[in-house]
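Colleague: Quick one: the structure is below, and I'll ask about it shortly.
The values are calculated or read from the model by the stated rules, or taken from the named source; none is laboratory data. In this text the structure is predicted, and so the values were computed from the model without any measurement. We place every Cβ from the backbone using ideal geometry, glycine too, and count neighbours over all the protein chains shown. Keep in mind that these areas ignore ligands, DNA and RNA; they rest on the heavy atoms of the full protein, side chains included. Shrake-Rupley method; radii C 1.70, N 1.55, O 1.52, S 1.80 Å.
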Amino acid sequence: MAEQIGYEKIEHIIFQQNKAEKAMLEEFHSGNYTLENPLVKYNAYLVNPLSAVILFNTEKETAITVRVLGKTKEATISHTFPKAKEHVLPILDLYSDYENTVEIEAYRSQKTTIKINVPDVYNGEKVINYMKTTAEYLQDNLIFVSPAGEKLSSAFDFNGDPRWHMTIPCVFDLKRLKNGNLIIGSSRLVKMPYYMSGIYEMSLVGKIYKEYRVPGGYHHDEFELPDGNLLSLTEDLRTDTVEDMCVMINRETGEIMKTWDYKDYLDPDKVGKSGSWTDADWFHNNAVWYDENTNSLTFSGRHIDSMCNIDYDTGKLNWIIGDPEMWPEEYQKYFFTPVGDGEFDWQYEQHANVILPDGDVMCFDNGHFRSKVPEKRILNKDNFSRGVRYRINTDDMTIKQIWQYGKERSQEFYSQYICNVEYYGEGHYMVHSGGIQYYGDDASEEFAAMMQDDPMVRTRSITVEVLDDEVMLELEVKGNFYRAEKLKLYHDQDNLPLGDGVSTGHMGVTKEFDTIIPAEPCGEELPYVYEASINEEPDRFTFKATFESGQLVMLMLEQGEEQHGYYISTAKTKFAALCCGTFIEKDARNITCSVNKYGLKGTYDVRVVVDDKKYETGIQITC
């Protein structure tokens, strides 16, 4: 290996977990662990430091109740596992920077108390500003928030204490599957700014059962269909547009079963553009919802200020919710006409569309610009964001505004990006304004992720739950968080399911540049000044380096006469939308380029073209 180029072989987190689990079970099976003397493995799966696994045997089949004692009586969390002789129990709800007391009690029998010391997983940082609710309201639920910036996923109890935390950057939406596991975006970035390898299915203790790799990368949202298969938002890496496709993933094999390309039902050149629209990011899909009652899909298009509903089978456009201004005549028949005497506002650059059981449609109305007409657009400090519920009639194409929360709070609740709403029942909602960004005293016009070191920037996230128009919960967390969910940590489950986690599907062929930059090999290694490194994984490798703005750079894979060229832009990027700033570099000169091994075969020399020279790295990649 070259001395001037850093190289590291990275083991996938799933393989790391498989090894850790095998070692844990080997230790368990080789010892005599009983209820009185159990085996305790803190953070057994390496990614949730507020968890543990406890293992022991009992002579007879018996149910086991686990209690994690709270700092207050009301904060104690308990769960009873079904009867068994071999017990492998996930322990959740541990406190950070605390000696946790855990009780393990056999059904109508003996009880053992153990202590689990947990370090300060937040390194002294206070992660919330406040939690306003009661134990009676929130009970043993937690409020989960998933990342949109440097901070990672956490979940908070009614006291505002974090009781669940991830140490890897799993980003975008977090949902609970019917089997009790979570699905969330993977921790592996395949393309800036936030396109991930796919989706993780994982337990709350942190064990990843499957990675569903997606050929175009995953972003923003996913959805479990009634038959258990998964919808994932993606894009076609071979085209020049982004965030305008959805795929259905086979839950067992990871195979792509169906694809919806939004250019099949909308013409990108004719849509009514939001203020953030670009040629490449013309739709900016941030949510998907399947409605079983109509066998249809609803997509939220931030950059067209609209929610679009299509037929699941044919892909035919059914309707559009949004301001019809600036849309051509051919699309007007798909829009709704507001009716009724109540207050009504269209939503703009919305997120997180939800179809309710009665057919009503909810979303988070970010309100960015709050007009499709450039001359009428307003500044963020004069704007508002809100959760909103609309009632639509598809026979006469009319729409009413049924409910909203947030408009009355003006800029203090304003988020120009991200956020979500949740429906719990009639009159019972969550509204999560996760992208609140201030510059000085007013709402920022720029994304905070692009101004990370500016002391004038302040970010926060406010999550509100409303029951019959009364605020029952309000949580303010430092930093921006993509979405919030209310979940219990324990789901009706047996012992922790064991066995090797797997990666399914593939990430597709990485797009190559049309033309190879002409440069003759100079026989020199890439100079130290570029601070280059390569991390290799089983299915891809990632090149990182530092270049000055305007330099001409191409990453090369060469095998004899076979050449593959991957152009690396060194221009400073201004994002019209940045729904996840987790991977944004503070130094704009730092670049990251990932190349999937899929579609490549053999052993390749890695070389780098910089301006007019082709440098050696001394590194070979085998695909």
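Colleague: Can you name every one of the strands (runs of 3 or more DSSP E) wholly within region 195-275 that holds 2 or more residues which are open to solvent by less than 10 Å² (accessible area, probe 1.4 Å)? Before the answer, list the steps.
Modeller: Working: elements: 195-202, 208-218, 222-224, 230-234, 245-249, 256-261.
Here the list reads 195-202, 208-218, 230-234, 245-249.
Colleague: Given (1) of a type in the set (Asp, Glu); (2) surrounded by 18 or more Cβ atoms within 10 Å (Cβ to Cβ); (3) farther than 30 Å from residue 310 by Cα, identify the lone condition not met by residue 442.
Modeller: The number of the failed condition is (2).
Colleague: Could you list, in sequence order, all residues of region 489-505 that are within 21 Å of the chain's Cα centre (by Cα) and at pLDDT 95 or above?
Modeller: Of everything in region 489-505, those that are within 21 Å of the chain's Cα centre (by Cα) and at pLDDT 95 or above turn out to be 501, 502, 503, 504, 505.
Colleague: Further question on the same structure: Given the conditions (1) more than 30 Å from residue 453 (Cβ to Cβ); (2) under 13 Å from the mean Cα position of the chain (by Cα); (3) open to solvent by 30 Å² or more (accessible area, probe 1.4 Å), and given that residue 151 satisfies all but one, which numbered condition is not satisfied?
Modeller: (1)
Colleague: Within region 318-326, is even one residue open to solvent by 20 Å² or more (accessible area, probe 1.4 Å), touching a residue at least 60 places away in the same chain (Cβ under 8 Å) and either in a loop (DSSP other than H, G, I, E, B) or not polar (S, T, N, Q) (or both)?
Modeller: Residues of region 318-326 open to solvent by 20 Å² or more (accessible area, probe 1.4 Å): 318-319, 324-326.
Among the residues that remain, those that are also touching a residue at least 60 places away in the same chain (Cβ under 8 Å) are: 318-319.
From what's left, either in a loop (DSSP other than H, G, I, E, B) or not polar (S, T, N, Q) (or both): 319.
Within region 318-326, one or more residues are open to solvent by 20 Å² or more (accessible area, probe 1.4 Å), touching a residue at least 60 places away in the same chain (Cβ under 8 Å) and either in a loop (DSSP other than H, G, I, E, B) or not polar (S, T, N, Q) (or both).
Colleague: Just to be sure I understand, how many residues within region 372-392 are assigned to a loop (DSSP other than H, G, I, E, B) and over 29 Å from the mean Cα position of the chain (by Cα)? Before you say what the answer is, go through the steps one by one.
Modeller: Kept after step one, since they are assigned to a loop (DSSP other than H, G, I, E, B), are these residues of region 372-392: 372-373, 377-379, 383-385.
Cutting the leftovers down to over 29 Å from the mean Cα position of the chain (by Cα) gives us 373, 377-378.
Summing the residues that are assigned to a loop (DSSP other than H, G, I, E, B) and over 29 Å from the mean Cα position of the chain (by Cα) in region 372-392 gives 3.
Colleague: Being among the acidic types (Asp, Glu) and not in a loop (DSSP other than H, G, I, E, B) is the filter here, so list the residues in region 5-14 that pass it.
Modeller: 8
Colleague: Within region 15-51, how many residues turn out to be assigned to a strand (DSSP E or B) and within 23 Å of residue 109 (Cα to Cα)? Quick ask: steps written out before the conclusion?
Modeller: If we filter region 15-51 for residues that are assigned to a strand (DSSP E or B), which is where we start, we get 34, 39-42.
Add one more test, that the residue is within 23 Å of residue 109 (Cα to Cα), and what stays is 34, 39-40.
Residues that pass the stated criteria total 3.
Listed here are the residues, each with its yes/no results for (1) within 20 Å of the chain's Cα centre (by Cα); (2) of a type outside the set (Lys, Arg); (3) in a strand (DSSP E or B).
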| residue | (1), (2), (3) |
| --- | --- |
| 445 | no, yes, no |
| 454 | no, yes, no |
| 459 | yes, yes, yes |
| 462 | yes, yes, yes |
| 466 | no, yes, yes |
| 473 | no, yes, yes |
| 476 | yes, yes, yes |
| 485 | yes, yes, yes |
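Colleague: Okay, next question. What are the residues in region 161-179 that are more than 21 Å from residue 288 (Cβ to Cβ) and either of a type in the set (Lys, Arg) or open to solvent by 10 Å² or more (accessible area, probe 1.4 Å) (or both), if any? Break it down into steps so the answer makes sense when it comes.
Modeller: Initially, region 161-179 is screened for residues more than 21 Å from residue 288 (Cβ to Cβ), giving 161-169.
Within region 161-179, 161, 162, 163, 165, 167, 168, 169 qualify.
Colleague: Still on this model: Is there a residue being over 18 Å from residue 489 (Cβ atoms), buried (at least 21 other Cβ atoms within 10 Å of the Cβ) and either over 32 Å from the mean Cα position of the chain (by Cα) or aliphatic (A, V, I, L, M) (or both) anywhere in region 58-74?
Modeller: no
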